[in-house]
1. Test of understanding: ordering His69, His252, His267 by Cβ neighbours within 10 Å, fewest first, what list do you get?
2. Got a sec? Charge dipole of the chain, +1 on Cβ for Lys and Arg, -1 for Asp and Glu; which of Ala61, Pro11, Gly343 is way out at the positive end?
3. Tilt of helix 372-381 relative to the longest C-alpha principal axis of the chain, in degrees (0 to 90, nearest 10)?
4. If packing is taken as the average number of other Cβ atoms within 10 Å across a peptide's residues, how do 133-140, 281-288 rank, most packed first?
5. With a Förster radius of 35 Å, plug the Cβ-Cβ distance of Glu213 and Phe93 into 1/(1 + (r/R0)^6) and report the FRET value to the nearest 0.05.
6. Say each of Phe380 and Glu259 gets a label point 7 Å from the Cα, pointing the same way as Cα to Cβ; how far apart are those two points in nm?
7. For a label point 7 angstrom out from the Cα of Asn195 toward its Cβ, which stretches of the range 140-162 have the backbone nitrogen within less than 13 Å?
8. To the nearest 500 deg cm²/dmol, what mean residue ellipticity at 222 nm is calculated for the chain from DSSP H runs of n ≥ 4 alone, each contributing -39,500 (n - 2.57), summed and divided by the residues?
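What follows draws every value from the coordinates through simple rules; no lab data is involved. Quick caveat, the model's predicted, so the values are computed rather than measured. FYI the Cβ positions are ideal-geometry reconstructions off the backbone, even for glycines, and counts take in every protein chain you see.
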Amino acid sequence: MLIRARFLKNPQKDLIKDPIIWIKEGKIQEIAFKEKLSSQAKADPKQIDFPGILYPGLINAHAHLELSHLQALTYPGSFCRWIEKILVAKSKFPSSQKVFEKGFALSLKGGTTTIGEHFSLDSPPEAWLHSPLRARIFGEVLGLKQELANLLYQVALSLKPVFKQNPKIFFTPSPHSVHALEAETLFKILKEENNLLSLHLAESQAEDQYFKEKTGEMADFIELRGSALKRQASSAIQELKQRWRGNLLVVHGNYLDQEDFDLIQSHGNVIVHCPLSHAYFAHQAFPLKETQKRKIPVALGTDSLSSASSLSMLEVMRSMKTNFAFLSLEEIFTMATLHGAKGLDLSGQVGEVICGGYADLIALKTEESLNQKTALEKLFKAKQVDWVMVNGEIQNHYLNQDEL
Ligand SMILES: [Zn+2]
């Protein structure tokens, strides 16, 4: 398929005028101007003229689409009471294929084409087998008793061949976090699963207090669920110090110590910041300046609709500009594309429109003559995208769906 558009804006690159993109077998084969296209590309019978600007699809590096039906839960004022509230709501209103479909539609409308999804092992996987999104799915292993934790790990392992049916999905069993998983199973997964793992780390003040003081609401919550185990280290990240490695995605990182930063910086990990759920929980300020000082890449995520007001990455980018006015639009766009790709271990495949990369694109219609600056302003102002493609397939029918 040949796509002609008015402009193309890649992160950290100059605006390209009148690009022509040749797509074959889900990947970008050539990006050129008309006269420079190969004769093979020119002969492609399927050609589209898009009257607007193309961007690479955005990357939502952390979500739980299975909670897309649990919107507008009021915050009970404490992190552990919120977890209890979610557990009750989940058992009362279990997730379904329809819930995931809603999550897919809202994600695509908001510009996401690749997602880092934390998946509860009691959720139905069927919706993902036909997912329009590209996804890294982390089968969440948790449990404070070894028997349950190990059982859930086995369930996660059994899902590997199921998710393999969709070539757009990379599935890995992954610890939900350090505090929610019994230590032996946690260390076993770190040893056996060499792919990227994604863990909630240093998310809440309650978790911080649990590791630092071995007391507080998280300690009580954990003890009540049958674990008397007290953590040795002063943080979740330090608990993994001997096993720390580069391909661990640090989800949240709101309460990081200097030693945690040292470990993250020296191993080249990416931190995912979710500004909408961060505001919901009223966490302490995200340490963005420290990440910049240390050149630690920050990717962006929505988290779930049970704590975030939106699944739109356009909304997430806008809130970054509001919260951190000193950031340029280009820096925020880079977080939502290149850093997301790095965070999900998909660099060179998604997050930029390049030859050999996946044909995951979003677009906005425009008749204006755009420049470097206005091309990004247009994206940051957009309520939703006008056109979306994942793996070379146009998915616009999701954009017209009313919320399910
Ligand atoms: Zn999460």
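1. His267, His69, His252
2. After comparing all options, I get Pro11.
3. It works out to around 60 degrees.
4. Highest-to-lowest ranking by the protection proxy: 133-140, 281-288.
5. On the way: r = 35 Å, r/R0 = 1.01.
Once the sixth-power term is evaluated, E becomes 0.50.
6. The two pseudo-label positions are separated by 3.9 nm.
7. The answer is 140, 156-162.
8. Roughly -9500 deg cm²/dmol at 222 nm, from the helical runs in the chain.
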